[in-house]
Amino acid sequence: MAWTYILRCSDRTYHVGSTIDLERRMGQHQEGLGAAYTRGRRPVELAWCAEFASVRDAFEFEKRVQGWGRLKREALIAGRWDLLPRLASRCWSAQQSRGEDEAAVAWSRDGR
């Protein structure tokens, strides 16, 4: 079994990773022994995680989520699977160009 996870860093940015031992990896991040990105952004907190049947599946999902923007990551964290297709880069860019704003996904900041 393997995990993909999202950490919320102290500067409110996100770090996406994968591991076969989530508890050990969280400890490494907290001690500054994890990814270079999180070393200067501690403390970190686990915002989201999912277990996968294989390391390959977890790694592939990690790479996919790393390519996502902030709002799409926040939709995943909030469990709003219904919003993920809408927040795809091209779709979101098109919505913004038509004058639609972030209010449509304000739940990510308001906790709705």
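The values are calculated or read from the model by the stated rules, or taken from the named source; none is laboratory data. Given the structure is predicted, the values throughout are model-derived calculations rather than measurements. Cβ: placed from backbone, ideal geometry, glycine included. Neighbour counts: every protein chain shown.
When ARG42 is tested against (1) part of a helix (DSSP H, G or I); (2) charged (D, E, K, R); (3) touching a helix residue (DSSP H, G or I) at 6+ places or on another chain (Cβ under 8 Å), exactly one condition is not met: (1).
Filtered by the rule that a residue be in contact with a Gly (Cβ under 7 Å, 6 or more places away or on another chain) and assigned to a helix (DSSP H, G or I), the stretch 26-39 gives GLN28, ARG39. Here ALA75 does not qualify as of a type in the set (Gly, Ala, Ser), in a strand (DSSP E or B) and either more than 17 Å from CYS9 (Cα to Cα) or at pLDDT 95 or above (or both).
Checking each residue in the stretch 45-72 for being surrounded by 14 or more Cβ atoms within 10 Å (Cβ to Cβ) and in a loop (DSSP other than H, G, I, E, B) picks out only TRP68.
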